[in-house]
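Right, one structure below, let's go through it.
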């Protein structure tokens, strides 16, 4: 057989082998995909079912029931009230389904907490088999700090859950004072203005500065326009002919 014919024969055989190998590879990929899909199922809806019924339903689909928690709820005791993964999600066979079961309605009357401190309210709740829920703490004029003024559920009500929410104000909102502009003023005048504005604590630092008149305020901390609580510490830098230690000025 001439060399040219033999070369063409080898090329045709090589192409045939390549086509067969590619077909086998694609067939294997398709088979694996079908096998993987065959091991997936839709997660059923378990909410509202008894634990035993939910377990049987999952077992028929190759899934496993796991109890993640138990909570007081209006649903009957032993019923599923939450689940993960959610219903309808495709999951692999043998995957765990985590559920939260109901302990049934809580049969405990909520104690009287209004007028108590947060710490005393927490103790009262624990003694009743309840827990402190969300505590809202706004500023409220005329209120006592750290004192319960509103509770939910109300005193004497049957607790629907183990948590009781409280409203405990922080007291009246602190008075805000605007820091005045003091640069260029005489130190004594700046001090009087600060005292009248509600800043009793003033720290004065004498700084040598030939370009400023002696006793003149060069800089201030916090800066002018700052919104501060009454009584905040203010620092003034006052020009002097020589250095001096900082000192505090009291009214």
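Take residue 171 and tell me if it is surrounded by 13 or more Cβ atoms within 10 Å (Cβ to Cβ), in a loop (DSSP other than H, G, I, E, B) and on the phi > 0 side of the Ramachandran plot.
Yes.
Identify the residue in the stretch 89-103 that is assigned to a loop (DSSP other than H, G, I, E, B) and under 29 Å from the mean Cα position of the chain (by Cα) and, among all such residues, is farthest from residue 43 (Cα to Cα). Steps first, answer last, please.
Going residue by residue through the stretch 89-103, those that are assigned to a loop (DSSP other than H, G, I, E, B) are 89, 93-95, 103.
Checking the rest, the ones that are also under 29 Å from the mean Cα position of the chain (by Cα) come to 89, 103.
Working: 89: 5, 103: 24 Å.
Checked the stretch 89-103; the qualifying residue farthest from residue 43 (Cα to Cα) is 103.
Tell me which residues, restricted to the stretch 180-194, are out of contact with any helix residue (DSSP H, G or I) (no Cβ under 8 Å at 6 or more places or on another chain) and surrounded by 15 or more Cβ atoms within 10 Å (Cβ to Cβ).
183, 186, 187, 190, 191, 194
Name the one entry in 68, 75 that is outside any helix (DSSP H, G or I) and either at pLDDT below 90 or over 29 Å from the mean Cα position of the chain (by Cα) (or both).
Values: 68 fails: either at pLDDT below 90 or over 29 Å from the mean Cα position of the chain (by Cα) (or both).
Within the list 68, 75, the selection yields 75.
Taking only the stretch 63-78 into account, find how many residues are closer than 23 Å to residue 89 by Cα and either in contact with a helix residue (DSSP H, G or I) (Cβ under 8 Å, 6 or more places away or on another chain) or in contact (Cβ under 8 Å) with a residue 60 or more places away in the chain (or both).
So the first thing to find is which residues in the stretch 63-78 are closer than 23 Å to residue 89 by Cα, and the list is 63-69.
The next check asks that each one be either in contact with a helix residue (DSSP H, G or I) (Cβ under 8 Å, 6 or more places away or on another chain) or in contact (Cβ under 8 Å) with a residue 60 or more places away in the chain (or both); those that pass are 64-65, 67.
Final tally of qualifying residues: 3.
The values are calculated or read from the model by the stated rules, or taken from the named source; none is laboratory data. Note that the structure is predicted; figures quoted are calculated from it, not measured. Positions of Cβ are generated from backbone atoms using ideal geometry, with glycine treated the same way; all protein chains shown enter the neighbour counts.
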